[in-house]
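The values are calculated or read from the model by the stated rules, or taken from the named source; none is laboratory data. Predicted model, so just to flag it, every value in this text is computed and none were measured. For neighbour counting, all protein chains shown are included, and Cβ atoms are generated from backbone atoms with ideal geometry for every residue, glycine included. The accessibility values were calculated without ligands, DNA or RNA, using every heavy atom of the protein model including side chains. Shrake-Rupley method; radii C 1.70, N 1.55, O 1.52, S 1.80 Å.
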Amino acid sequence: MEPLGQDQIRASFVNCTKGEAKGVTLPARPDEIPWDEREFLGWRDPKATARAYLVLPYQGETVGLSLRVAPRPKGRVLLSNMCGLCTTTHPLSDIALFSGRRAGKLGREGNTLGIYACSNLGCSRYIRGELKPDVPQPSETLTLEERVFRLEDKLHRFVERVLESR
Ligand SMILES: [Zn+2]
């Protein structure tokens, strides 16, 4: 993705109030991020780990999503141990349910959307082998380019649904 400045990141949020967007703790300094090896910027808020953010290019604009990280359900089995974005398989402890209010009318009615994903949102790093999951992966013969495409496709589908009633 193209590099973004802090102001652009703060201005990108579509599903939270301006006040909330102002309070977002940004990730590493923009000049420390290897932008050309990232399909999206995703991070857990270091000051509030139950919050997470996704910022990505979408149809010519920069879209930021503010998400809640669900606490692990007690006594219930998680539905998936596969990341819904990069399809990396993890031990359940490395998968989290991220949910976000939808933008616009549906969001005002309290409608949210969730997705199971790598709990550290390191998808771009997993598909490049920069991070290794703790369990063996199903064998796959996709090229990096194909993995990038799949990740972007899944990100876009999620964003599309969040923005549906904007
Ligand atoms: Zn992932």
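Modelled with pLDDT under 90, open to solvent by 30 Å² or more (accessible area, probe 1.4 Å) and either under 13 Å from the mean Cα position of the chain (by Cα) or within 14 Å of the ligand (Cβ to nearest atom) (or both): is that true of Ser99 in this structure? No, not satisfied. The residue of region 84-96 that is farthest from the ligand (Cβ to nearest atom), among those that are crowded, with 22+ Cβ neighbours inside 10 Å and not β-branched (Val, Ile, Thr), is Ala96. Listed by position, the helices (runs of 4 or more DSSP H) enclosed by region 102-163 that each have at least 1 residues that are within 11 Å of the ligand (Cβ to nearest atom), open to solvent by 40 Å² or more (accessible area, probe 1.4 Å) and in contact with a helix residue (DSSP H, G or I) (Cβ under 9 Å, 6 or more places away or on another chain) are 123-127, 144-162. In region 54-83, the residues that are closer than 17 Å to Gly42 by Cβ and at pLDDT 95 or above reach residues that are in a loop (DSSP other than H, G, I, E, B) and open to solvent by 60 Å² or more (accessible area, probe 1.4 Å) with C-beta atoms within less than 7 angstrom, at least six apart or across chains, in these pairs: Pro57/Glu2. Of all the criteria given as (1) open to solvent by less than 40 Å² (accessible area, probe 1.4 Å); (2) not in a strand (DSSP E or B), the one not satisfied by Gly19 is (1). Going through (1) within 15 Å of the ligand (Cβ to nearest atom); (2) in a loop (DSSP other than H, G, I, E, B) one by one, Arg166 falls short only on (1).
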